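Presented below is the structure to which this report refers.
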Amino acid sequence: MPECVTVLTHGDLDGMVCAILVLRRSAGADADVRITNAEHLHHALGKLARETCLPKRLFVLDIPLQMAHQAPVVGALRDLSQRGVAVHLYDHHHGWDEAPEVTALCATYSVSTAKTTAAALVWRGLCRHDRGSHVWLRLLSERSNSSDPSIVERFGLLAALMQPQHYAHTEAVLKALAREDELSDEYRALAEWYYEAHAPRQEALASRA
């Protein structure tokens, strides 16, 4: 049976790139991607801890620890760790440094506020020898200004996923991008929607502000 992996990541560009990098390194695994944030991390971890079938590995990506939720987050991580789940934490925000006990609960504890992205930490820890993975760090820095049309298109697709009406596509898109599948017509249409409809509307709103 394939190894079960759960990915809890932030739904912004950095968080989605983190998930893509982890999925690239978890090829063949039965991966479950869940989008959450600092405000709801304790709920996501608590829900996972209550499930009967636990993953072998849990990745927590680009999500800071809020002090208001420190106790339930640490409690859930301790429970998962004691039940055999290998916890891999990658983040670049302040917060985790206020809970030093988390270090001992993690198989990987990669937290550095010196990094501008969590994806840089994931890449350094998991993907340095994956020659195709560096393009995702380029996407984070170049975005829609890239000279590479494939980066521009993929940025548009990920940017579209940050809008509520497209949330339902997130897991499938991230897995397809990690596999380097050719983009389907549906996914290309999402990228086009971002550039032709959403971005111009946002620019117009900003100009009137």
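The values are calculated or read from the model by the stated rules, or taken from the named source; none is laboratory data. Keep in mind that this is a model prediction, so the values were computed, not measured. Please note: Cβ atoms are built from the backbone with ideal geometry, for glycine as well, and neighbour counts cover all protein chains shown.
Structural remarks
- Residue match in segment 184-198 (condition: more than 28 Å from W123 (Cα to Cα) and either among the small types (G, A, S) or within 20 Å of the chain's Cα centre (by Cα) (or both)): yes
- Contacts under 8 angstrom Cβ, first residue in segment 99-122 being under 18 Å from S141 (Cα atoms), partner of a type in the set (K, R) and surrounded by 15 or more Cβ atoms within 10 Å (Cβ to Cβ), 6 or more apart: L121/K115
- Scanning segment 132-149 for residues that are out of contact with any Lys or Arg (no Cβ under 8 Å at 6 or more places or on another chain), farther than 13 Å from R25 by Cβ and not β-branched (V, I, T) turns up H134, L137, R138, L140, S141, E142, R143, S144, N145, S147, P149.
- Selection of helices (runs of 4 or more DSSP H) fully inside segment 165-209 by the criterion of at least 3 residues being in contact (Cβ under 8 Å) with a residue 40 or more places away in the chain returns 170-179.
So that you can scan it fast, the table gives a plain yes or no per residue for (1) in a helix (DSSP H, G or I); (2) at pLDDT below 95; (3) touching an Asp or Glu at 6+ places or on another chain (Cβ under 7 Å):
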site: P2; (1), (2), (3): no, yes, yes
site: M16; (1), (2), (3): yes, no, no
site: I20; (1), (2), (3): yes, no, no
site: L23; (1), (2), (3): yes, no, no
site: A38; (1), (2), (3): no, no, no
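- Those residues of segment 33-82 which are surrounded by fewer than 15 Cβ atoms within 10 Å (Cβ to Cβ) and of a type in the set (A, V, I, L, M), in sequence order: M67, A68, A71
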